[in-house]
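Visitor: Okay, handing you the structure first.
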């Protein structure tokens with residue numbers, strides 16, 4: 001599988017995960033590569049729906065808001 005450059009990853013974070021601020025989508029792509037996108041794909045295969053995503057820059061965290069049935073969860077990816 002070919003590796004995407006950071007700008008293509010940022011476009012995907014912006015478009016597919018709805019991280020609205022382009023600079024935050026770029027920062028998420030730089031820190032996590034395609035990990036956040038792979039997590040979203042995995043969760044969707046397991047029956048969860050992505051209801052939102054946000055990048056918290058001061059914490060270097062990507063927060064995925066997901067739902068399955070009536071239950072809601074947040075999955076946090078944090079760069080250490």
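Visitor: Taking only the range 55-66 into account, find how many residues are in contact (Cβ under 8 Å) with a residue 24 or more places away in the chain, surrounded by fewer than 18 Cβ atoms within 10 Å (Cβ to Cβ) and in contact with a strand residue (DSSP E or B) (Cβ under 8 Å, 6 or more places away or on another chain). Walk me through it before giving the result.
Guide: Narrowing the range 55-66 to residues in contact (Cβ under 8 Å) with a residue 24 or more places away in the chain: 55, 57, 60, 62, 64.
Now narrow it down to the ones that are surrounded by fewer than 18 Cβ atoms within 10 Å (Cβ to Cβ): 57, 60.
Those still in the list that are in contact with a strand residue (DSSP E or B) (Cβ under 8 Å, 6 or more places away or on another chain) too: 60.
Residues that pass the stated criteria total 1.
Visitor: So, one more: Would you mention how many residues in the range 35-56 are assigned to a helix (DSSP H, G or I) and more than 13 Å from the chain's Cα centre (by Cα)? Show your work before the answer.
Guide: Step one: filter the range 35-56 for residues assigned to a helix (DSSP H, G or I), giving 35-45.
If we keep only those that are more than 13 Å from the chain's Cα centre (by Cα) as well, we get 45.
Residues in the range 35-56 being assigned to a helix (DSSP H, G or I) and more than 13 Å from the chain's Cα centre (by Cα): 1 in total.
Visitor: Of the residues 4, 24, which single one is in a loop (DSSP other than H, G, I, E, B), under 25 Å from residue 80 (Cβ atoms), in contact with a helix residue (DSSP H, G or I) (Cβ under 8 Å, 6 or more places away or on another chain) and at pLDDT below 95?
Guide: 4
Visitor: Quick one: count up the residues across the range 68-77 that are surrounded by 14 or more Cβ atoms within 10 Å (Cβ to Cβ) and more than 9 Å from the chain's Cα centre (by Cα).
Guide: 1
Visitor: A follow-up question, please. With the requirement that a residue be touching a helix residue (DSSP H, G or I) at 6+ places or on another chain (Cβ under 7 Å) and assigned to a helix (DSSP H, G or I), what does the range 57-80 give you?
Guide: Matches in the range 57-80: 57 only.
The values are calculated or read from the model by the stated rules, or taken from the named source; none is laboratory data. Computed from a prediction, not measured in an experiment: that's the story for all the values here. When we count neighbours, we look across all protein chains shown, and the Cβ atoms used for this are built from the backbone with ideal geometry, even at glycine.
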